[in-house]
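A.B. asks: Right, I'll just put the structure down here and ask away after.
The values are calculated or read from the model by the stated rules, or taken from the named source; none is laboratory data. None of these values were measured; they are calculated from a predicted model. Here the Cβ positions follow ideal geometry from the backbone for every residue, glycine too, while neighbour counts run over all protein chains shown. What goes into the accessible areas is simple: the full protein's heavy atoms, side chains included, and nothing from ligands, DNA or RNA. Shrake-Rupley method; radii C 1.70, N 1.55, O 1.52, S 1.80 Å.
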2 protein chains.
Amino acid sequence: MSVATMNLRDLSFQLYEMLDTDSLVGRDRHADQDRDIYDAILKTAADMARDLFEPHNRKADLNEPTFDGEKVHIIPEVKEALDAYIENGFMGMQHDYDDGGMQLPTAIAMACNAIFTAANTGTMGYPFLTVGASNVLRAYGTDDQKNRFMKPMIAGRFFGTMCLSEPQAGSSLSDIKTKAVPTGGGTYKISGSKMWISAGEHDLSENIVHLVLAKIPGAPDGVKGISLFIVPKYLVNDDGSLGERNDVTLAGLNHKMGYRGTTNTLLNFGEQGGATGYLIGEEHKGLFYMFHMMNEARIGVGLGAVSLGYAGYLYSLDYAKNRPQGRHPDGKDARSDQLMLIEHADIRRLLLAQKAAVEGGLALCLYAARLVDEEKTGPDEAARAEAKTLLDLLTPVVKSWPSEFCLEANKHAIQVLGGYGYTRDYPVEQYYRDNRLNPIHEGTHGIQGLDLLGRKAIMDNGAALKLLIKHMTATMDTARTHPRLAEFADRLDASAQVITRTTQTIAAAMQDGKIRLSLANATLYLDMFGHMVLGWKWLEQALTAERALSENPSDIDRAFYEGKIATCQYFHRYELCRVEPWGNLIASLDDTTLTIDPDCF
Amino acid sequence: MSVATMNLRDLSFQLYEMLDTDSLVGRDRHADQDRDIYDAILKTAADMARDLFEPHNRKADLNEPTFDGEKVHIIPEVKEALDAYIENGFMGMQHDYDDGGMQLPTAIAMACNAIFTAANTGTMGYPFLTVGASNVLRAYGTDDQKNRFMKPMIAGRFFGTMCLSEPQAGSSLSDIKTKAVPTGGGTYKISGSKMWISAGEHDLSENIVHLVLAKIPGAPDGVKGISLFIVPKYLVNDDGSLGERNDVTLAGLNHKMGYRGTTNTLLNFGEQGGATGYLIGEEHKGLFYMFHMMNEARIGVGLGAVSLGYAGYLYSLDYAKNRPQGRHPDGKDARSDQLMLIEHADIRRLLLAQKAAVEGGLALCLYAARLVDEEKTGPDEAARAEAKTLLDLLTPVVKSWPSEFCLEANKHAIQVLGGYGYTRDYPVEQYYRDNRLNPIHEGTHGIQGLDLLGRKAIMDNGAALKLLIKHMTATMDTARTHPRLAEFADRLDASAQVITRTTQTIAAAMQDGKIRLSLANATLYLDMFGHMVLGWKWLEQALTAERALSENPSDIDRAFYEGKIATCQYFHRYELCRVEPWGNLIASLDDTTLTIDPDCF
């Protein structure tokens, strides 16, 4: 199939026209970089995605990893693609030059990941985990840990994992049972079982660096007693060579509906007496270290959902432009030629719904990535703090909105193709299956809702939300000066007011001690909040497009910008209208879910 | 797995308490039947579903039919299950005693199908098609055709198919190209290719009776020139024995995302010069014959979607009751025991959303089945005509609402199970994949919307809609006499008013010739209309439950009835609120989808 899985024109629009990412070259960390370099890297990513990642996407789905009791077998194309990814430096995109990285802005790195993930989300699971684990080590590892484990990860010799869940404790990390017994000198004997460990076993790299949450005997109860350990598959000698096999065993592979290219494992630690583990940072602070770095991982999940949605959108768009079928309802003459699918209003609706979700989701995720850059390299303390505040607030939305609504987009892509879309001869059904994971992992949809409404939207008297709305208001004010956009500014304004009111109502109820009741509909609050944020991102895109249209663009660019405005219109009229009924329901403190007796189901 | 896939208590509630199905024994056609007989049949179906259908549901998914170039191979459990199905008379549930049938009411027959389909939708594909084809023959076949083809289908010796689509004409039947050349005496030579033919080839039965849409040379253009033919796999001799192999070839199997147990085929007719076909009824009336019988097939699709949703609901409910995970947001003490999942508000929301969709969908589909009974055996001409009017109006809703929202229910079932739900070790991911077919086949979601808004809701000055609202108003009036239900009557009333207004606006625009604009959002109209109808069915269920509660039921029944009222509350508060924004959008005659230039995507 020669249909592109990501739109580079849109990526460029988001990175440069929306987010002014090239201005980062004015900062010390990126001073020797420029837009040409960024574009060359994006181009390399796109070429590699097309030539090395997309071609085995279906093959990896049809031939998932197998375990013969001794070894995991993965189709060879995965390693070929990842070797090229490593060779071109992508594993260390964001790491320091001194550590062997490319020191790129997060926005550029995330854009590259979007390109690769749209082509093959299964194969990208391995770098996703490796980069996540290496980020933890960068932030909290000792120099020795960085040299021994992180640098080989950046170099792609070692891959990484994040070992949080256990069979009996998925979402509830306070109930993990994996034990870490100190043996002196920062070394521990780790024993326990870890479930859902992606990339937990394979021969794609020389070694696998597991980051493992575990409890030290005598530790406080619950999440306050969790520590974080490095548990390598092979111990690493002082000279960097591999030492003996550690006591980590693959107990089995999970067989998933989608995302089949990434091994997902149950790992047993310490079957032979205890796996050697090295404490990261201080005891009992493991969850803090893990979640501090989780922001980026959660942006990654949201962006992954966007990428799958994007690939489905582009495929179904291409199909709709080239597949003749049927006629208009007012032109049924069977002697006339059939129309292309894209001429039908309902097909366009399905395409617009996808475009709104995936381009809006991309705008959201790259905005979050840009906030990470601002948090890291912003011009002053205030700018960095503001970026952090916005990022903390938005992270559950960035993780969740695409996971829900880009999955819906993938559903629409199948519908555009009709029966063909339901077959494995076309890629869209795989995207749908792959994307179904995203509302589950890295904190379920429901947990993100509790995080947003129970903490982030209301803490400090709702300061973060006020800051967000200040930024939104600036966009609305400017948009109102453009006649075509005033309607959308008003719609967004109305949504923002609903959310402000709803949040105040909930905050007051929380103050009154009605915790369960206040949070009963937190997931719907999350969806509603996400719709508002997407409405903002669409207004910004329309505004950016309107400005560009005034500068006499080429015909191709003109169509591109008009498409942005039309899609803003679609989102505001077709989707943003859901905010008010959601708000009414949430603000009513409805107790339907709390009062029903389990026996009544 | 020992979790039941259908709730017989709910089926009994729907059939007897809601629909008074046992009163049909007062009619000639069912005079020798009684509720005990119906219950015995339902019980047999449930036992067989549990023992013969459910156990190979996953196996059939993992071992889809294969074609070695000569023969299609299907796991043996499928034939074992179907042989028992046939032996117990289920293939002829609705057919006349004289033809070897059981002459059961459609409501009872559909309830049995729901039981079987919830256990194994793939295996049920074969009887679904066979019954559909035999119904066409019952209505329009000659005596000879009935004897030669229909009776062996009722006896289960022959299976059937419906051959409508072609590779280039899926939704657009006016563009089919299959040819039928008369050779005299009602016999034709058929040639052409038919795509998406479920149950198109297998060795499960002695013969396969294909019902094929084709055009006779010189026929009028478009759908007015389509005729319907019987094209058996093997010709049938006058004594009923099989004759020579007909010129029908399996060109290939389609490989689907789900529904894998049912072969889905591309069939070539006439590769050797022409397949022998027999005209059904008159020339050029084929589409009328096919669609006349399509009502029941479409109820079957809706009910199939309900059944898959139901199985997922019951599985996730059982899981939620037995899986400990986490604590309340106001009780985080890690030393306390974990709660069962069902104690969490968001899990209950996911369960209530499923319950609302599947029990509401079941109420809707069985109501439609009951209308079929009323249309067939109603006490007088007026009653029969009224039933037909309601059934015609509701058929697109019955087909589509469950296809959309019980698929959503299956999505929620996965979410309740979390990571486990995403694996093939649990059945819920298969239900989700299986159910994704339903919005596509037997008329796509979009086409049902055009049928509802473009024809059924507005024809005869909206007479059918007025009739429906008259029935709904009667329910509302009674509900208002029950204090707990008055709120829901008001909510339903408001929705009905939105739909009446919206429909009038659209009808006026249609009158003005704005056809494309009026129908641009027909799919959203379908969803909105469906929500109103479901709101009605939930109010009726709540009303029935409230009455039963006043009669001092057992504790178990009390919980069951309270669950109905709670779920009515859920649906009315959480879902029915979507009707107003939908209505506003549709009534605004929004042209976003029509005006966007395809180049702007």
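A.B. asks: For A:Ser241, work out the one condition from (1) open to solvent by 20 Å² or more (accessible area, probe 1.4 Å); (2) within 25 Å of A:His441 (Cα to Cα) it doesn't fulfil.
C.D. replies: Result: A:Ser241 fails condition (2) only.
A.B. asks: Among the residues of the stretch B:469-492, is there at least one that is facing chain A (nearest Cβ under 9 Å) and among the charged types (D, E, K, R)?
C.D. replies: No, there is no match, as no residue in the stretch B:469-492 is facing chain A (nearest Cβ under 9 Å) and among the charged types (D, E, K, R).
A.B. asks: Moving on to the next point. Hey, B:Ser495 hits all of (1) more than 22 Å from B:His572 (Cα to Cα); (2) within 14 Å of chain A (Cβ to nearest Cβ); (3) among the hydroxyl-bearing types (Ser, Thr, Tyr) but one; which does it fall short on?
C.D. replies: (1)
A.B. asks: Next question, about the same structure. Considering each residue of the stretch A:316-331, count those that are more than 7 Å from chain B (Cβ to nearest Cβ) and either among the hydrophobic types (A, V, I, L, M, F, W, C) or touching a Gly at 6+ places or on another chain (Cβ under 7 Å) (or both), and give that number. Even if it seems obvious, please write down each step before you answer.
C.D. replies: We begin by selecting, within the stretch A:316-331, every residue more than 7 Å from chain B (Cβ to nearest Cβ); these are A:316, A:318-320, A:322-324, A:327, A:331.
With the extra rule that they be either among the hydrophobic types (A, V, I, L, M, F, W, C) or touching a Gly at 6+ places or on another chain (Cβ under 7 Å) (or both), the set shrinks to A:320.
The qualifying residues number 1.
A.B. asks: Let me ask you something else. Within the stretch A:89-167, which helices (runs of 4 or more DSSP H) (wholly inside it) include 1 or more residues that are touching a strand residue (DSSP E or B) at 6+ places or on another chain (Cβ under 7 Å) and among the polar types (S, T, N, Q)?
C.D. replies: A:121-140
A.B. asks: While we're on this one: Return the total of residues in the stretch B:26-54 being open to solvent by 80 Å² or more (accessible area, probe 1.4 Å) and in a helix (DSSP H, G or I).
C.D. replies: The number of residues fulfilling the criteria is 6.
A.B. asks: Which of (1) within 14 Å of another protein chain (Cβ to nearest Cβ); (2) open to solvent by 20 Å² or more (accessible area, probe 1.4 Å) does A:Gly273 not meet, given it meets every other one?
C.D. replies: A:Gly273 satisfies every listed condition except (1).
A.B. asks: Tally up the residues in the stretch B:555-573 that are over 17 Å from B:Leu485 (Cβ atoms) and facing chain A (nearest Cβ under 7 Å), please.
C.D. replies: Going through the stretch B:555-573 one residue at a time, the tally reaches 1.
A.B. asks: Which residues, taken from the stretch B:59-109, are hydroxyl-bearing (Ser, Thr, Tyr) and more than 19 Å from B:Glu206 (Cβ to Cβ)?
C.D. replies: At the first step, the residues of the stretch B:59-109 found to be hydroxyl-bearing (Ser, Thr, Tyr) are B:66, B:85, B:97, B:106.
Of everything in the stretch B:59-109, those that are hydroxyl-bearing (Ser, Thr, Tyr) and more than 19 Å from B:Glu206 (Cβ to Cβ) turn out to be B:Thr66, B:Tyr97, B:Thr106.
A.B. asks: Any chance the stretch A:394-406 includes a residue that's within 19 Å of A:Thr121 (Cβ to Cβ), within 11 Å of chain B (Cβ to nearest Cβ), of a type in the set (A, V, I, L, M, F, W, C) and assigned to a helix (DSSP H, G or I)?
C.D. replies: Looking for residues that are within 19 Å of A:Thr121 (Cβ to Cβ), within 11 Å of chain B (Cβ to nearest Cβ), of a type in the set (A, V, I, L, M, F, W, C) and assigned to a helix (DSSP H, G or I), one finds none in the stretch A:394-406, hence no.
A.B. asks: For the stretch A:66-111, give me the residue count where each residue is open to solvent by 30 Å² or more (accessible area, probe 1.4 Å), of a type in the set (S, T, N, Q) and out of contact with any His (no Cβ under 6 Å at 6 or more places or on another chain).
C.D. replies: 1
A.B. asks: Now for a separate question. Before we move on, is B:Thr505 within 28 Å of the chain's Cα centre (by Cα), surrounded by fewer than 24 Cβ atoms within 10 Å (Cβ to Cβ) and away from chain A (no Cβ under 13 Å)?
C.D. replies: No: the conditions fail for B:Thr505.
A.B. asks: If we keep just the residues of the stretch A:472-485 that are more than 13 Å from A:Gly535 (Cα to Cα) and part of a helix (DSSP H, G or I), which is nearest to the chain's Cα centre (by Cα)?
C.D. replies: A:Ala474
A.B. asks: For a quick check of your reading of the model, give me the residue pairs whose first member lies in the stretch A:327-344 and is farther than 17 Å from B:Asp221 by Cα, whose second is surrounded by 17 or more Cβ atoms within 10 Å (Cβ to Cβ) and of a type in the set (S, T, N, Q), with beta-carbon atoms closer than 6 Å and at least 6 apart or on different chains.
C.D. replies: Hits for this filter: A:Leu341/A:Gln325.
A.B. asks: Hey, can you tell me all the residues within the stretch B:129-180 that are of a type in the set (A, V, I, L, M) and touching a Gly at 6+ places or on another chain (Cβ under 7 Å)?
C.D. replies: B:Leu129, B:Ala133, B:Met150, B:Met153, B:Ile154, B:Ala155, B:Met162, B:Ala180
A.B. asks: Does at least one position in the stretch A:315-323 carry a residue that is in a helix (DSSP H, G or I) and of a type in the set (A, V, I, L, M)?
C.D. replies: yes
A.B. asks: Quick check on my filter: what residues within the stretch B:8-25 are polar (S, T, N, Q) and surrounded by 21 or more Cβ atoms within 10 Å (Cβ to Cβ)?
C.D. replies: Answer for the stretch B:8-25, where residues must be polar (S, T, N, Q) and surrounded by 21 or more Cβ atoms within 10 Å (Cβ to Cβ): B:Gln14, B:Thr21.
A.B. asks: How many of the residues making up the stretch A:191-227 are open to solvent by 40 Å² or more (accessible area, probe 1.4 Å) and at the interface with chain B (Cβ under 10 Å from one of its Cβ atoms)?
C.D. replies: Final tally of qualifying residues: 5.
A.B. asks: Related question: Out of the stretch A:424-460, which residues are of a type in the set (Phe, Trp, Tyr) and open to solvent by less than 30 Å² (accessible area, probe 1.4 Å)? It would help to see each step written out before you state the result.
C.D. replies: Of the residues in the stretch A:424-460, the ones of a type in the set (Phe, Trp, Tyr) are A:426, A:431-432.
Across the stretch A:424-460, the qualifying residues are A:Tyr431, A:Tyr432.
A.B. asks: Which residues, taken from the stretch A:235-288, are of a type in the set (Gly, Ala, Ser) and part of a strand (DSSP E or B)?
C.D. replies: Scanning the stretch A:235-288 gives A:Gly243, A:Ala251, A:Gly252, A:Ala275, A:Gly277.
A.B. asks: Output the residues belonging to the stretch A:344-369 that are more than 11 Å from chain B (Cβ to nearest Cβ) and buried (at least 24 other Cβ atoms within 10 Å of the Cβ).
C.D. replies: Across the stretch A:344-369, the qualifying residues are A:Ala357, A:Val358, A:Gly360, A:Gly361, A:Leu362, A:Ala363, A:Leu364, A:Cys365, A:Leu366, A:Ala368, A:Ala369.
A.B. asks: If we scan the stretch B:408-417, do we find a residue that is surrounded by fewer than 23 Cβ atoms within 10 Å (Cβ to Cβ), at pLDDT 95 or above and within 20 Å of the chain's Cα centre (by Cα)?
C.D. replies: Yes: the stretch B:408-417 contains one or more residues that are surrounded by fewer than 23 Cβ atoms within 10 Å (Cβ to Cβ), at pLDDT 95 or above and within 20 Å of the chain's Cα centre (by Cα).
A.B. asks: Can you pull out the residues in the stretch B:371-382 that are open to solvent by 30 Å² or more (accessible area, probe 1.4 Å) and in a helix (DSSP H, G or I)?
C.D. replies: B:Glu374, B:Glu375, B:Lys376, B:Glu381, B:Ala382
A.B. asks: Right, something else. Give the number of residues within the stretch B:508-523 that are loosely packed, with under 15 Cβ neighbours inside 10 Å and either more than 10 Å from chain A (Cβ to nearest Cβ) or not in a loop (DSSP other than H, G, I, E, B) (or both).
C.D. replies: Filtering the stretch B:508-523 down to residues loosely packed, with under 15 Cβ neighbours inside 10 Å leaves B:508, B:511-513.
Filter once more, keeping what is either more than 10 Å from chain A (Cβ to nearest Cβ) or not in a loop (DSSP other than H, G, I, E, B) (or both): B:508, B:511-512.
Of the residues in that region, 3 qualify.
A.B. asks: Tell me, yes or no, whether the stretch A:292-312 has at least one residue that is facing chain B (nearest Cβ under 10 Å) and open to solvent by less than 20 Å² (accessible area, probe 1.4 Å).
C.D. replies: As a first pass, look at the stretch A:292-312 and keep what is facing chain B (nearest Cβ under 10 Å): none.
Checked the stretch A:292-312: no residue is facing chain B (nearest Cβ under 10 Å) and open to solvent by less than 20 Å² (accessible area, probe 1.4 Å).
A.B. asks: Name the residue that is nearest to the chain's Cα centre (by Cα), counting only residues in the stretch A:377-401 that are among the aliphatic types (A, V, I, L, M) and within 22 Å of A:Leu362 (Cβ to Cβ).
C.D. replies: A:Val398
A.B. asks: I need every pair where a residue in the stretch A:465-491 that is closer than 28 Å to A:Ala383 by Cα has its Cβ under 6 Å from the Cβ of a residue that is loosely packed, with under 14 Cβ neighbours inside 10 Å, sequence separation at least 6 or different chains.
C.D. replies: A:Arg480/A:Ala486
A.B. asks: Can you find even one residue in the stretch A:188-199 that is over 24 Å from the mean Cα position of the chain (by Cα) and not in a strand (DSSP E or B)?
C.D. replies: No; the residues of the stretch A:188-199 include none that is over 24 Å from the mean Cα position of the chain (by Cα) and not in a strand (DSSP E or B).
A.B. asks: Right, another one. Please work out which residue is surrounded by the fewest Cβ atoms within 10 Å (Cβ to Cβ), limiting yourself to the stretch B:127-182 and to residues that are closer than 18 Å to B:Phe90 by Cβ and out of contact with any helix residue (DSSP H, G or I) (no Cβ under 8 Å at 6 or more places or on another chain).
C.D. replies: B:Arg157
A.B. asks: For the stretch A:567-575, indicate whether the set of residues that are open to solvent by less than 10 Å² (accessible area, probe 1.4 Å), over 29 Å from A:Ile458 (Cβ atoms) and of a type in the set (A, V, I, L, M, F, W, C) is non-empty.
C.D. replies: yes
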